[in-house]
Amino acid sequence: MTDAPHRRVRPAGPLARTAARVKRLPLWSLIVAGVLLGGVAGGAYGVLKTPQYSATSYVIAVPDEKSDPSAALGFAQAYGRVATQIAVLGDAQKQAGVPVKKLQSSVQAQTSPDAPMVAVSATSAKPREAAAMANAVARALTADANHTQASTRVKLLQFSRAMKPTAPSSASPQVTALVGASAGGLLGGLVMLVRPRRERTETNATVPGPAAAADLHGNV
């Protein structure tokens with residue numbers, strides 16, 4: 001009988017060795033890697049993203065002598081809904097110096113259930129432009145509302161004009177890095193949970209008992 005030729009075992013490549021090393025790492029290393037990668041990505045996003053500035057102008061609804069004071073609150077809610085409509089933004093675009101589409105995407109209006117007041121907020125990458133847009137929309141809303149003052153018996157006044165913001169309203173790089181690290185750690189934990197567990201395969205050698213060994217010796 002001739003012995004079977006021995007097969008030469010090729011050494012594993014660098015990718016295979018790296019994969020083997022990764023598999024030997026503890027599971028908690030996935031969370032650490034996720035936190036580090038998420039923090040770096042979040043910090044880079046905060047640095048590269050253009051900061052945004054917000055400015056807010058307030059207008060207040062004032063009832064006249066012949067009107068019910070509670071009516072001002074209802075009209076303030078109505079004015080808050082029409083503050084971002086084309087009719088108002090079309091009048092405000094000239095004062096703001098920006099097109100209507102810019103106002104539609106940058107201006108928001110909020111009302112209070114307790115006070116007859118409308119807050120007109122604008123966001124822009126330029127602080128001066130944010131204040132100009134908020135003030136322009138507030139003035140246009142006030143002018144349109146006062147055209148119907150004779151029938152509504154409620155006058156709209158600009159309570160506070162928007163000022164040029166001195167600090168951005170968008171998240172700082174530190175905050176985005178913290179959010180990214182939290183998200184990365186969460187993803188790493190999820191990967192650790194869904195990762196299949198290693199199954200140890202143990203080969204148990206079967207040793208014949210004394211009786212079986214004697215039978216085999218007799219047959220030989």
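Considering the stretch 51-72, the residues that are assigned to a loop (DSSP other than H, G, I, E, B) and open to solvent by 40 Å² or more (accessible area, probe 1.4 Å) include one that is nearest to Gln174 (Cα to Cα), namely Pro51. Being open to solvent by less than 40 Å² (accessible area, probe 1.4 Å), hydrophobic (A, V, I, L, M, F, W, C) and more than 18 Å from Gly90 (Cα to Cα) is true of Ala115.
Scanning the stretch 119-159 for residues that are part of a helix (DSSP H, G or I) and open to solvent by 40 Å² or more (accessible area, probe 1.4 Å) yields Arg128, Glu129, Arg139, Ala143, Asp144, Asn146, Gln149, Ala150, Ser151. What pairs come up if the first residue lies in the stretch 59-86 and is touching a residue at least 60 places away in the same chain (Cβ under 8 Å), the second is surrounded by fewer than 19 Cβ atoms within 10 Å (Cβ to Cβ) and among the basic types (Lys, Arg), and their beta carbons are under 6 Å apart, counting only those six or more places apart or on different chains? Final answer for the pair search is Val62/Lys155; Asp64/Arg153; Lys66/Arg153; Ser67/Arg153.
Residues that are touching a strand residue (DSSP E or B) at 6+ places or on another chain (Cβ under 6 Å) and over 11 Å from Ser57 (Cα atoms) were ranked within the stretch 160-180; the one that is surrounded by the most Cβ atoms within 10 Å (Cβ to Cβ) is Pro165. In this structure, Gly34 qualifies as at pLDDT below 90 and open to solvent by less than 60 Å² (accessible area, probe 1.4 Å). The listed residues are Gln104, Gln95, Gln110, and the only one of them that is assigned to a strand (DSSP E or B) and open to solvent by 50 Å² or more (accessible area, probe 1.4 Å) turns out to be Gln110.
Applying a threshold of 8 Å to beta carbon distances and a minimum spacing of six or more residues, or different chains, the list of pairs starting in the stretch 152-171 at a residue that is more than 20 Å from Met117 (Cβ to Cβ) and in contact (Cβ under 8 Å) with a residue 12 or more places away in the chain and ending at one that is of a type outside the set (Gly, Ala, Ser) and open to solvent by 70 Å² or more (accessible area, probe 1.4 Å) reads Lys164/Arg128; Ser170/Lys49; Ala171/Val179.
Residues in the stretch 162-185 that are in a helix (DSSP H, G or I) and modelled with pLDDT under 75: Pro173, Gln174, Val175, Thr176, Ala177, Gly180, Ala181, Gly184, Gly185.
Here are some conditions: (1) at pLDDT 90 or above; (2) open to solvent by less than 80 Å² (accessible area, probe 1.4 Å). Ile86 meets all but one. Which one does it not meet? The failed condition is (2).
The values are calculated or read from the model by the stated rules, or taken from the named source; none is laboratory data. As the structure is a computational prediction, the values presented were derived from the model and not from experiment. As a convention, Cβ positions derive from the backbone with ideal geometry for all residues, glycine included, and neighbour counts pool all protein chains shown. In case anyone asks, the SASA skips ligands and DNA or RNA and just uses the protein heavy atoms, side chains included. Shrake-Rupley method; radii C 1.70, N 1.55, O 1.52, S 1.80 Å.
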